[in-house]
Amino acid sequence: MFEFITDEDERGQVGIGTLIVFIAMVLVAAIAAGVLINTAGFLQTKSEATGEEASAQVSNRVTVVSAYGNVTESENIDYVNVTVMRAAGAENINLSEATVQWIGPDEAKTLTYNQTLDASSEAGNFTTEAVKGDEEKVLISQDTRINIVMDSSAIDGDALAEGEQAQLTITTQFGSQTEYWVSVPESLANKNVVKL
């Protein structure tokens, strides 16, 4: 069953061959382990980054505190003012990097920030103004309140009339979204400002 090798020279060659095969197996195993460790580290880094981005999209959003509209002489709403604050657990939110999607009765537009609502560009823009705190663009604390101001007559072609609605979706620089419905009361007679 077993073959006995009596020649001493042949015994040494068999031992060296076995040793070479063993060293080769150890090297292959070490290289495979290194590749696995590098891959695991890369995947861990990727998953941490993905988790942080997903968390930012969920938590770094705004909360709408209130909304009001200015009533014109023709009993329509021209300027819509939406007061926002940071949501609980949110980081600083720069509203100049945000977008507002406006879906009104006649028009749907994505609005971007403009420091002033000038006549040439207000159709696709919104501006901000400080309500509580010194900041006009960045929500730096839970106490900061900022108005997002939009000209509905420039956006939608006509000012919002009695009983009309518009859907607003505020998207922050982190990609998180907040939806809010602007609803004009059924009667605007004898009013200068109304809650929306």
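What to note about this one:
- Residue that is in contact (Cβ under 8 Å) with a residue 24 or more places away in the chain, within 18 Å of T63 (Cβ to Cβ) and not aromatic (F, W, Y), where the choices are L188, L160, L139: L139
- T116, sole failed condition from (1) modelled with pLDDT under 85; (2) out of contact with any helix residue (DSSP H, G or I) (no Cβ under 9 Å at 6 or more places or on another chain): (2)
- Among (1) within 28 Å of T72 (Cα to Cα); (2) in contact (Cβ under 8 Å) with a residue 24 or more places away in the chain; (3) within 24 Å of the chain's Cα centre (by Cα), the one test that Q115 misses: (2)
- Selection of first residues in segment 58-82 that are under 27 Å from V138 (Cα atoms) and of second residues that are of a type in the set (V, I, T) and part of a loop (DSSP other than H, G, I, E, B), restricted to Cβ pairs under 7 Å at least 6 apart or on distinct chains, gives the following pairs, ordered by first then second residue: N60/T172; R61/T172; V62/T172; G69/V184; I77/V184; D78/T72.
- Among the residues making up segment 137-183, those that are aliphatic (A, V, I, L, M) and closer than 28 Å to A90 by Cα are V138, L139, I140, I146, I148, V149, M150, A166, L168, I170, V182.
- Given (1) among the aliphatic types (A, V, I, L, M); (2) touching a residue at least 40 places away in the same chain (Cβ under 8 Å); (3) closer than 24 Å to N60 by Cα; (4) exposed (fewer than 15 other Cβ atoms within 10 Å of the Cβ), number of the condition L95 does not satisfy: (4)
The values are calculated or read from the model by the stated rules, or taken from the named source; none is laboratory data. Predicted, not measured: the structure shown is a model, and the values here were computed from it. Positions of Cβ are backbone-derived with ideal geometry, glycine not excepted, and every protein chain shown enters the neighbour counts.
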